[in-house]
Structure formats: structure tokens, C-alpha cells
Amino acid sequence: MCVRGFASGELVCRKGEYQLDLCFILRGTVDLYERKADKNTFKVASLSEGNFFGELGAIRGQPRTTDVVAAADDTSLLYIPRHCLTFLMGNPVARRMVTERYQERAVRVLAQGLELFKGVAQEFIEQLIRSCEIVRHETRGIPLIQQGEEADALYIVSDGAVQVVVDRPDGSHRILEYLRAGEFFGEMALLGGGVRSANVFTAGRCELVRLDRAAFMELCQRYPKVETHVRSVIERRHRQEKLITPEISEILERSGQLGYVQAAALLVMDLDLCVKCDNCVKACEALHGESRLVRSGVTIGKYLVPVVCRHCEDPRCMNSCPTGAVERRPEGEIYFQYDMCIGCGNCAIACPYDSIAMIETGKFDRAQAKKAAAVGRPFYRPYPVASHCAAPGLWERISAGHAKDEPERLTVVEFAQIHDRNETVSAATQGQVAAEPQVPVAFPIKCDLCNGLPFMGCVHNCPTGAAMRVSSATLFGQTQAIRGGSGPVRKAR
């Protein structure tokens, strides 16, 4: 936690930024501004001392939904990082305040962006905020509705993804589609007056807004355009079911298990263009110290999805970092803020896809030196080593990568020995040692889309243009089994 001060008119955070702290206003006032497509802004609210904001980011990991600007001199904010929220929520009063504000804000933001609520009066939205229920699950495979049961509610996916599965008469099952944020399910039985026609399971951590039958039917009766939109979705889903073969269903199931569905950005290889030269793997190794690209994985159509960081929509690495060193750019890329990294390895342990590796600091430093040479300027280095902490010759060997092509390798054992020697520092210097940053034994690396470089190494070194980034919606576009967030294919950055 930390306290930061702002002058009047100073920008606190920008819409779209992944600033995942809960912010309490200790002193002063902040104004919240909405930006329209034409880049004009208008003030939507003012928050004064005692209020807070940022609950969507702290609880759900969602980017800022407005610009926040300090409106008074000497405005002071208390930042509570996302990973510290558990301690705050242990207080019943604080938990009630945060959850009530979160529900109001989450439903309001969801309603503003959904076609389902287009044209619905604000008064009715306020009524829904009071009557709806937010349901949150942390793992995949939890049943949400079951085929054959009576319908009692409509569910809107506000975060994460769910898997739609139909049981076949022959005893088999078939994956029909994945629904992501902004999509809904449960409407067929409610409008058809029957029972559920499919099962729906969580596909990972997800959050749902539940509207009971009465609220949904009132919504359709008062706003006929809502019912028209819902019925068009039903027709599309009937067409979708006819496209799903057993082979496609199997690919969809495996893709969900491997995290492709929850990916914000996937690196894929176009097999029609790939000549298997391994230039992509070699470039990754040269830039990171070890390659984070394994040219094997699942084949979907003409694309190979290699074993590499998916830049997940719900990154467990980010949630497990005790210092907030794992960050996300507005475009969705996840990267390490190395000057905040303590080398604990929590991110590597938390990653369910084995996409993060810990490498010795000496090897890491040599890789950073190569990046600096590639861009012609100093590249970020996460530490200095205090001179009184370093054994004789240690600093020269760590920094040798900046001056030599093949410096002597510094092993984990040697770092452990150095740590043992530091433990014997005289009492006169112990306070000074504790105040200085220590050198971690290892640092995490992963595919960070070559953060800080003007190019992506694997893409830049592919001679045929086979390596490219796509969204999961683009990857499964042939069947529309996964929608939302699709964008143009990007071959370079």
C-alpha cells in the first residue's frame, strides 16, 4: 500500500489502463470523466474525501472505465493493491461497502455496453441493479445450468467465459460454444416456456449477473426490441449447433483446457507458410536468455498454436504477484515490471500453462544487454547491487554482459554462497544492507511480446510471415464458437 499526492488538474489514471488498485480518497476531490468516440470528454461524477474508486479493477481485474483527474490541490489517495484486498475484505463493514459499490458499478457499466439493454430507460436499469444477483466462481467445470431442468433465470457473463455443452441421445456430449463477457444464456427456455436445452459450465474464473424470470420477462414486455434481439440470438445459436461436428467439439474442449478460449492474444503459426526453420525459437532465446516459444501444440485449421504465454484475460500470474510486478497494457499484453520484481517465482508457480520460467540472474542480465544493443539505448535493469552487499568481483561478473559477448556464468550455488556471506556482515552495516535492494537469485521470463523493443523477435525473424497474433475469436471464426473481442490479425508490432 502507498499514499500518493496530486495537484489540481493532474491526471490520476486514464480510461483503459489496467491500474488494479482500490483507491481511497484521504483528502481532496477527484472528478471522473467519460471519453466519447470523438475524443471529447464530459464529467460523470465527483468523489470527495472518504469515497473510493477502482473496485472493478481490484475485484475483477477490469481496466479503468473513466479518466480520473484530481479536482483540488493537495489531493491525497491511498492505494490498496489488488493482492491486498483479501485483508480489507476481512472487515465486515468494509466488505459490505465494497461489494455494494461493486455490484452497482459493475451492472451499470455492463448495461451501458450491451446490445441487450439498448434503448432501456435508466430507471429500469436502476431497478435491475437492485434486483439482480452477481454470481462469481473461481474454477472451471462448475455447473451453472443443467439440461432438462426448469428455467428460472437469465444469466449475463460479465467476466470470464462459460462453456455450452449438449448431451446427445447416444450418451455422448458435444461442446457447442464458449460465451464470454457481454453474452448471455438461459433465454431459450424462458421465452419458449420449456426446460433447459443444454448444460452450461464455467470455463475458468468467471462472473455472472443473474436476472430472475420475473425481471427478464418484464424487461421483454416493456421493451419489445429487447425480445427481438434475444430471439435473433436464439436463431443464430440454432444455426451454430448444426455446424459443430464431433471433431470441432473435441478441438473446442481441448482449447478450453489449454486456455486458448480465455486468451486475449494468441501467437500462432500459419502452417501453410511455416518452413520449420526454427528462427522464431532462436530469436526468442537470443532476446530472453531462454526461449519461451515451444513450436508444438494444438493445430486448429491451418494454425498451430504453440506453447507460449496466452496473455490471459484472467491472468493467475498477475493475481499471485505479491508486489504488483506483473502488469497489463491497455492493449491486453501482460509483462513484467522488473524494478518491482523480487524473484519469488510465484508467477511461474501460478501459471497453469507452464509459460513462465525462472532463469539465473546472470543469464537474465546478459539477455537484457542484448536487448539494449538491439535498440541502441540502455535497457531496463531491475536492480543495482550495493557495493557492500557484493562479494569481490560479483558486480563485474553480473554486469559483464554489457561489455563481453561470453561472460562467465554465475550459478545459483554462487548466489547462495554470496547470500550466506552477507548474513555475516558486521552489526555496524546490517541496517545499511537491509535498506539496500538485494539481487534475486533468478528472474521470471515469458513471452511479453518483446516489451520495450520496436519488434517482436519471433515475428521479426520469421522469413515467411507465418508467425502472427490473433484473438481466439478470430481463430475459431469459421464456426463462431467463440466470439467477442475479435480484431484484425497483426503480423508485427
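The values are calculated or read from the model by the stated rules, or taken from the named source; none is laboratory data. Note that the coordinates shown come from a computational prediction; the quantities given were computed from them, not determined experimentally. As a convention, Cβ positions derive from the backbone with ideal geometry for all residues, glycine included, and neighbour counts pool all protein chains shown.
Can you tell me which residue is surrounded by the most Cβ atoms within 10 Å (Cβ to Cβ) among those in segment 199-243 that are touching a Leu at 6+ places or on another chain (Cβ under 8 Å), farther than 30 Å from N319 by Cα and among the basic types (K, R)?
Across segment 199-243, the extreme among qualifying residues is R237.
For segment 61-84, name all the residues that are closer than 19 Å to E17 by Cα, outside any loop (DSSP other than H, G, I, E, B) and in contact (Cβ under 8 Å) with a residue 60 or more places away in the chain.
If we filter segment 61-84 for residues that are closer than 19 Å to E17 by Cα, which is where we start, we get 61-70, 77-83.
If we keep only those that are outside any loop (DSSP other than H, G, I, E, B) too, we end up with 67-70, 77-83.
V69, A70, L77, L78, Y79, I80, P81, R82, H83, listed by residue number.
Can you tell me which residues in segment 80-107 are of a type in the set (S, T, N, Q) and exposed (fewer than 14 other Cβ atoms within 10 Å of the Cβ)?
Here is the first cut: in segment 80-107, the residues of a type in the set (S, T, N, Q) are 86, 91, 99, 103.
T86, N91 - these are the residues of segment 80-107 that are of a type in the set (S, T, N, Q) and exposed (fewer than 14 other Cβ atoms within 10 Å of the Cβ).
Kindly evaluate S232 against the criterion of being of a type in the set (G, A, S) and in contact with a helix residue (DSSP H, G or I) (Cβ under 6 Å, 6 or more places away or on another chain).
Details: of a type in the set (G, A, S): yes; in contact with a helix residue (DSSP H, G or I) (Cβ under 6 Å, 6 or more places away or on another chain): no.
So S232 does not fit the description; no.
Any idea which of (1) surrounded by 18 or more Cβ atoms within 10 Å (Cβ to Cβ); (2) more than 16 Å from E10 (Cα to Cα); (3) hydrophobic (A, V, I, L, M, F, W, C) is the one V44 doesn't satisfy?
Going through (1) surrounded by 18 or more Cβ atoms within 10 Å (Cβ to Cβ); (2) more than 16 Å from E10 (Cα to Cα); (3) hydrophobic (A, V, I, L, M, F, W, C) one by one, V44 breaks only (1).
Within the group G9, G5, which residue is more than 24 Å from the chain's Cα centre (by Cα) and outside any loop (DSSP other than H, G, I, E, B)?
On the way: G9 fails: outside any loop (DSSP other than H, G, I, E, B).
None of the other options fit; the residue is G5.
Could you check, for segment 318-328, whether at least one of its residues is surrounded by fewer than 16 Cβ atoms within 10 Å (Cβ to Cβ) and not β-branched (V, I, T)?
Yes - at least one qualifying residue is present in segment 318-328.
Has segment 95-111 got at least one residue that is under 17 Å from E187 (Cβ atoms) and not aliphatic (A, V, I, L, M)?
Just the residues of segment 95-111 that are under 17 Å from E187 (Cβ atoms), to begin with: 110-111.
Next, from what is left, pick out any that are not aliphatic (A, V, I, L, M): none.
Taking every residue of segment 95-111 in turn, none turns out to be under 17 Å from E187 (Cβ atoms) and not aliphatic (A, V, I, L, M).
Applying the selection to segment 169-197, what residues are among the aromatic types (F, W, Y) and farther than 15 Å from S249 by Cα?
Within segment 169-197, the first condition is being among the aromatic types (F, W, Y), and the residues that meet it are 178, 184-185.
If the condition is that a residue be among the aromatic types (F, W, Y) and farther than 15 Å from S249 by Cα, then F184, F185 are the ones that fit.
Residues to consider are L77, L11; find the one that is loosely packed, with under 13 Cβ neighbours inside 10 Å and among the hydrophobic types (A, V, I, L, M, F, W, C). Show your work before the answer.
Working: L77 fails: loosely packed, with under 13 Cβ neighbours inside 10 Å.
Just one listed residue meets the conditions, L11.
Condition (residue is outside any strand (DSSP E or B) and more than 26 Å from H311 (Cα to Cα)) applied to segment 154-163: is it met by at least one residue? Before you say what the answer is, go through the steps one by one.
Step one: of segment 154-163, the residues outside any strand (DSSP E or B) are 160.
With the extra rule that they be more than 26 Å from H311 (Cα to Cα), the set shrinks to none.
No, every residue in segment 154-163 fails to be outside any strand (DSSP E or B) and more than 26 Å from H311 (Cα to Cα).
Please tell me if V261 is assigned to a loop (DSSP other than H, G, I, E, B) and touching a strand residue (DSSP E or B) at 6+ places or on another chain (Cβ under 6 Å). Please lay out each step first, then the result.
Values: assigned to a loop (DSSP other than H, G, I, E, B): yes; touching a strand residue (DSSP E or B) at 6+ places or on another chain (Cβ under 6 Å): yes.
Against the criterion (assigned to a loop (DSSP other than H, G, I, E, B) and touching a strand residue (DSSP E or B) at 6+ places or on another chain (Cβ under 6 Å)), V261 qualifies.
For segment 101-132, enumerate the residues that are in contact (Cβ under 8 Å) with a residue 24 or more places away in the chain and charged (D, E, K, R).
Of everything in segment 101-132, those that are in contact (Cβ under 8 Å) with a residue 24 or more places away in the chain and charged (D, E, K, R) turn out to be R101, E104, R105, E115, K118.
For segment 164-193, give me each residue that is in contact with a strand residue (DSSP E or B) (Cβ under 9 Å, 6 or more places away or on another chain), on the phi < 0 side of the Ramachandran plot and in a loop (DSSP other than H, G, I, E, B).
Answer for segment 164-193, where residues must be in contact with a strand residue (DSSP E or B) (Cβ under 9 Å, 6 or more places away or on another chain), on the phi < 0 side of the Ramachandran plot and in a loop (DSSP other than H, G, I, E, B): R168, A181, E183.
With the structure loaded, tell me whether A58 is out of contact with any Cys (no Cβ under 6 Å at 6 or more places or on another chain), part of a loop (DSSP other than H, G, I, E, B) and either touching a residue at least 24 places away in the same chain (Cβ under 8 Å) or of a type in the set (K, R) (or both) or whether it fails that test. Lay out the reasoning, then the answer.
Working: out of contact with any Cys (no Cβ under 6 Å at 6 or more places or on another chain): yes; part of a loop (DSSP other than H, G, I, E, B): no; either touching a residue at least 24 places away in the same chain (Cβ under 8 Å) or of a type in the set (K, R) (or both): yes.
No: the conditions fail for A58.
Evaluate segment 37-49: report whether one residue or more is more than 21 Å from D314 (Cβ to Cβ), at pLDDT 90 or above and assigned to a loop (DSSP other than H, G, I, E, B).
Kept after step one, since they are more than 21 Å from D314 (Cβ to Cβ), are these residues of segment 37-49: 37-49.
Then keep just the ones that are at pLDDT 90 or above; that gives 46-49.
Of the ones still in play, those that are also assigned to a loop (DSSP other than H, G, I, E, B) are 49.
Scanning segment 37-49 turns up at least one residue that is more than 21 Å from D314 (Cβ to Cβ), at pLDDT 90 or above and assigned to a loop (DSSP other than H, G, I, E, B).
Would you check which residues across segment 295-314 are touching a residue at least 40 places away in the same chain (Cβ under 8 Å) and in a loop (DSSP other than H, G, I, E, B) and list them? Break it down into steps so the answer makes sense when it comes.
Taking segment 295-314 and keeping what is touching a residue at least 40 places away in the same chain (Cβ under 8 Å), we get 298, 300-301, 303, 305, 307-314.
Answer for segment 295-314, where residues must be touching a residue at least 40 places away in the same chain (Cβ under 8 Å) and in a loop (DSSP other than H, G, I, E, B): G301, V308, C309, R310, H311, E313, D314.
State whether the residues of segment 330-343 include one that is modelled with pLDDT of 85 or more, of a type in the set (D, E, K, R) and surrounded by 19 or more Cβ atoms within 10 Å (Cβ to Cβ).
No, every residue in segment 330-343 fails to be modelled with pLDDT of 85 or more, of a type in the set (D, E, K, R) and surrounded by 19 or more Cβ atoms within 10 Å (Cβ to Cβ).
Would you check which residues across segment 48-68 are among the hydrophobic types (A, V, I, L, M, F, W, C) and more than 16 Å from the chain's Cα centre (by Cα) and list them? Walk me through it before giving the result.
Here is the first cut: in segment 48-68, the residues among the hydrophobic types (A, V, I, L, M, F, W, C) are 52-53, 56, 58-59, 68.
Listed by number, the residues that qualify are F52, F53, V68.
Looking at (1) of a type outside the set (K, R); (2) in the same structural domain as I129 (by TED's automatic domain parsing); (3) surrounded by fewer than 15 Cβ atoms within 10 Å (Cβ to Cβ); (4) modelled with pLDDT under 90, which is the one condition that is false for E250?
(2)
Take segment 141-172 and flag every residue that is polar (S, T, N, Q) and surrounded by 13 or more Cβ atoms within 10 Å (Cβ to Cβ).
Narrowing segment 141-172 to residues polar (S, T, N, Q): 146-147, 158, 163, 172.
Q146, Q147, S158, Q163, listed by residue number.
Being out of contact with any His (no Cβ under 7 Å at 6 or more places or on another chain), over 24 Å from P352 (Cβ atoms) and either assigned by TED's automatic domain parsing to the domain that holds K225 or touching a residue at least 60 places away in the same chain (Cβ under 8 Å) (or both) narrows it down to one of V135, V98, so name that one.
Working: V135 fails: over 24 Å from P352 (Cβ atoms).
Exactly one of V135, V98 is out of contact with any His (no Cβ under 7 Å at 6 or more places or on another chain), over 24 Å from P352 (Cβ atoms) and either assigned by TED's automatic domain parsing to the domain that holds K225 or touching a residue at least 60 places away in the same chain (Cβ under 8 Å) (or both), namely V98.
For residues in segment 203-247 being of a type in the set (D, E), part of a helix (DSSP H, G or I) and closer than 22 Å to L154 by Cα, which is modelled with the lowest pLDDT? Working first, answer last.
In the first step, residues of segment 203-247 are kept if they are of a type in the set (D, E); the result is 207, 212, 218, 227, 235, 241, 247.
Checking the rest, the ones that are also part of a helix (DSSP H, G or I) come to 218, 227, 235, 241, 247.
Still in the running and closer than 22 Å to L154 by Cα: 218, 227, 235, 241.
Working: E218: 90, E227: 90, E235: 90, E241: 84.
Per the criteria, the residue is E241.
Tell me the residue from M318, M269 that is part of a strand (DSSP E or B), among the hydrophobic types (A, V, I, L, M, F, W, C) and more than 22 Å from E177 (Cα to Cα), please.
Values: M318 fails: part of a strand (DSSP E or B).
The unique qualifying residue is M269.
I'm told R292 meets every condition in (1) surrounded by fewer than 19 Cβ atoms within 10 Å (Cβ to Cβ); (2) touching a Cys at 6+ places or on another chain (Cβ under 8 Å); (3) basic (K, R) except one. Can you identify the failing condition by its number?
(1)
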